[in-house]
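J.: My questions will all concern the structure given below.
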Amino acid sequence: MFLETLLATLLSAQPVTPSPAPAAPAPAAQAAPSGTGKPSTATPAPGTKAPAPPDAKPTATAEAAKPATKPAPPMTPEVKSLVDRMQAFYEKTSDFRAGFRQDYKYKTFRRTQTSEGAVTYKKPGLMRWEYLKPSVRTFVLAGNKIYAYDPAAQSLTVAGVDTSQLSASVTFLFGQGKLADEFAISKGTCKDCKGTLLVLDPLKQEPRFKQVRLEVDPASAQVLKSTVVDPDGSENTISFLDLKTNVGLAADSFKLDVPDDTRVDDFTKQKKQ
């Protein structure tokens, strides 16, 4: 469950599935697990089309397939000011680290699973999630790949992710993307919130999630808590604890050092015909 939902629900991004890496070149900074060899060169998968040249025009069929986008209603001055300051805060952030608590509420089963750990991020595109409770696992997002290490199972899984398709609800944390381009943003009510609750409703039909809620510190404009509401109504809430920004994290801290006897399942490599 963790690998498939790490970006889909935790970060409100596209589902991560075992698939070849995208054809687009990865950013220069990548974390390759030590002892597992160099990451394979990303090439188009057999039977897929190469990316269209920059001057190519989309076909009528492709244009018709795009979900219709509703016009965004104007934000109140209070909400717009907070959103602008929040985005500016993360645009100026070169790296951060924080503890986290994850509460995933399964609507169907009426139960909550709680996890704890630490998260670190460094521009461009390096993120590491260290789960400590209830079980130890590590996830690293590096460029166009995600690495999932399970020490208990002695396994390392490598999968591709098209970062160009990530929602603005993710990329704004990286200093990219504009929330107002993808969401209708309003102020919510929350008696238990320590900050201001922003409710983000997607402007176009979104199969990955139904709503995003961000609890933001009105003084610092940092995100204190992020909640992603799944299409089935389940809620994935991440609380960020003791966030520290621009601490000078080294790129090497995003490399995975796994034992030599670890089983490696790399779904980004082309299978031999």
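The values are calculated or read from the model by the stated rules, or taken from the named source; none is laboratory data. In this text the structure is predicted, and so the values were computed from the model without any measurement. All Cβ positions, glycine included, derive from the backbone under ideal geometry; neighbour counts span all protein chains shown. Remember, those area values only see protein heavy atoms, side chains included, never the ligands or the DNA or RNA. Shrake-Rupley method; radii C 1.70, N 1.55, O 1.52, S 1.80 Å.
J.: For the stretch 219-232, give me each residue that is over 21 Å from R97 (Cα atoms) and open to solvent by 20 Å² or more (accessible area, probe 1.4 Å).
T.: Correct list: P231, D232.
J.: Which residues, counting only those in the stretch 107-118, are closer than 20 Å to F240 by Cβ and loosely packed, with under 14 Cβ neighbours inside 10 Å?
T.: Matches in the stretch 107-118: T112, Q113, T114.
J.: Is there a residue in the stretch 169-178 that is modelled with pLDDT under 90, open to solvent by 60 Å² or more (accessible area, probe 1.4 Å) and under 13 Å from the mean Cα position of the chain (by Cα)?
T.: yes
J.: Quick one: count up the residues across the stretch 179-192 that are free of Cβ contacts under 8 Å to residues at least 40 places away in the same chain and open to solvent by less than 30 Å² (accessible area, probe 1.4 Å).
T.: Total satisfying the criteria: 1.
J.: One residue is enough: does the stretch 204-218 have a residue meeting the conditions open to solvent by less than 40 Å² (accessible area, probe 1.4 Å), assigned to a loop (DSSP other than H, G, I, E, B) and in contact with a Lys or Arg (Cβ under 7 Å, 6 or more places away or on another chain)?
T.: Taking the stretch 204-218 first, the residues open to solvent by less than 40 Å² (accessible area, probe 1.4 Å) are 206, 209, 211-212, 214-216.
With assigned to a loop (DSSP other than H, G, I, E, B) added as a condition, the list becomes 206, 209.
Cutting the leftovers down to in contact with a Lys or Arg (Cβ under 7 Å, 6 or more places away or on another chain) gives us none.
Checked the stretch 204-218: no residue is open to solvent by less than 40 Å² (accessible area, probe 1.4 Å), assigned to a loop (DSSP other than H, G, I, E, B) and in contact with a Lys or Arg (Cβ under 7 Å, 6 or more places away or on another chain).
J.: Let me ask you something else. When residues of the stretch 119-134 are filtered for being surrounded by 22 or more Cβ atoms within 10 Å (Cβ to Cβ) and among the aromatic types (F, W, Y), how many remain?
T.: Total meeting the criteria: 2.
J.: With the condition kept exactly as written, say whether any residue in the stretch 240-251 is open to solvent by 50 Å² or more (accessible area, probe 1.4 Å), in a loop (DSSP other than H, G, I, E, B), at positive phi and of a type outside the set (V, I, T).
T.: yes
J.: Might you check whether a residue that is among the aliphatic types (A, V, I, L, M), surrounded by 21 or more Cβ atoms within 10 Å (Cβ to Cβ) and more than 15 Å from the chain's Cα centre (by Cα) occurs anywhere in the stretch 135-157?
T.: Yes, that holds for at least one residue.
J.: Would you please list the contacts, defined by Cβ atoms under 8 Å and residues six or more apart or on different chains, that run from a residue in the stretch 229-257 that is polar (S, T, N, Q) to a residue that is surrounded by fewer than 11 Cβ atoms within 10 Å (Cβ to Cβ) and part of a helix (DSSP H, G or I)?
T.: Sorted first by the residue in the stretch 229-257, then by its partner, the list stays empty.
J.: To continue, here is another question. Those residues that are in a loop (DSSP other than H, G, I, E, B) and either in contact with a Leu (Cβ under 7 Å, 6 or more places away or on another chain) or among the polar types (S, T, N, Q) (or both), I need them from the stretch 226-239; list them, please. Steps first, please.
T.: Quick first cut of the stretch 226-239, residues in a loop (DSSP other than H, G, I, E, B) only: 230-234.
Selection gives S234 alone.
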